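Step one of this worksheet: look at the structure below.
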Amino acid sequence: MNAGLQTLWRMAETVLDAVLPLRARAARTKRRTVEDFVLSPTAHELLGATITTLMDYREHAVQDLIRALKYDRSHHAASIAAKLLEDYLLDETISHRAFSQKRVLIIPVPLHAKRAKERGFNQIEMVLSAIPQEFRDGKRATLVTDALQRVRDTKQQTRLSRSERLSNVAGAFALNDAEGIKNTHVFLIDDVTTTGATLVNATTPLRRAGATVSLLALARA
């Protein structure tokens, strides 16, 4: 499928997700358990950065999971995603501690305040709130949900072409506390990545403040 058709398909999916009843995928997801999903960390080189995705979006169960999380506010979907993320982060934090003394932070990609108010939740924050306490309280890592802010109310990425996505989020993120980021290792996490534009741009202020950053997404669409 060429880039133009991919863009049209994503736009159609977004419209359908917005107007159709959401019961079916949420019901399918609620019947599933973490054992129905395959954790398959895959590194993608996007915009000169490495982004690791944890699941294959081509799997129908994964699509249901992501959409139930994003559009249905499914806590069951968040719980499954949190378990998969926990399995990945456990190995990663053990490996990090073996070679570095840097404090480990887990940071979600933020929504703009206007979008957060309209939607009422940030889906990746829902997932991170469900990971075990040791990944939030500093024992293995510290969850910091307010480290980054989205300073521009950007258009929804799903409705844009690749080139529009790149310019849409350029300079859209800023730090609330640069000093608290200095000399840390950050796992910056989003639900879905496509071109990598959002994650890469959100990384910029973190690296400028002196953090090393690992980019993660639940899946790549």
Every pair of residues 6+ apart whose Cβ atoms lie under 6 Å, when the first sits in the stretch 136-165 and is within 16 Å of Ala202 (Cβ to Cβ) and at pLDDT 85 or above while the second is part of a strand (DSSP E or B) and small (Gly, Ala, Ser):
Gln149/Ala174; Val151/Ala174
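Conditions (1) in contact (Cβ under 8 Å) with a residue 12 or more places away in the chain; (2) of a type in the set (S, T, N, Q); (3) not in a loop (DSSP other than H, G, I, E, B), marked per residue:
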residue: Thr29; (1), (2), (3): yes, yes, yes
residue: Thr53; (1), (2), (3): yes, yes, yes
residue: Thr93; (1), (2), (3): yes, yes, yes
residue: Ala98; (1), (2), (3): no, no, yes
residue: Gln101; (1), (2), (3): no, yes, no
residue: Ala116; (1), (2), (3): no, no, yes
residue: Met126; (1), (2), (3): yes, no, yes
Of the numbered conditions (1) farther than 16 Å from Ile189 by Cα; (2) at pLDDT 70 or above, Thr53 fails exactly one; give the number of that condition.
(1)
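Does Val213 qualify as being within 15 Å of Val144 (Cα to Cα) and either buried (at least 23 other Cβ atoms within 10 Å of the Cβ) or of a type in the set (A, V, I, L, M, F, W, C) (or both)?
Numbers: within 15 Å of Val144 (Cα to Cα): yes; either buried (at least 23 other Cβ atoms within 10 Å of the Cβ) or of a type in the set (A, V, I, L, M, F, W, C) (or both): yes.
Judged against the criteria, Val213 is a match.
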Check off (1) part of a helix (DSSP H, G or I); (2) modelled with pLDDT under 95; (3) surrounded by fewer than 19 Cβ atoms within 10 Å (Cβ to Cβ) for Pro21 and give me the number that stays unchecked.
(1)
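Taking the stretch 91-131 as the region of interest, how many residues are over 24 Å from Ala77 (Cα atoms) and among the β-branched types (Val, Ile, Thr)?
Total satisfying the criteria: 2.
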Would you please list the contacts, defined by Cβ atoms under 6 Å and residues six or more apart or on different chains, that run from a residue in the stretch 195-210 that is more than 14 Å from Gln149 (Cα to Cα) to a residue that is at pLDDT 90 or above and part of a helix (DSSP H, G or I)?
Ala209/Ala178; Ala209/Ile181
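The values are calculated or read from the model by the stated rules, or taken from the named source; none is laboratory data. Values in this document were obtained by computation on a predicted structure and should not be read as measured data. When we count neighbours, we look across all protein chains shown, and the Cβ atoms used for this are built from the backbone with ideal geometry, even at glycine.
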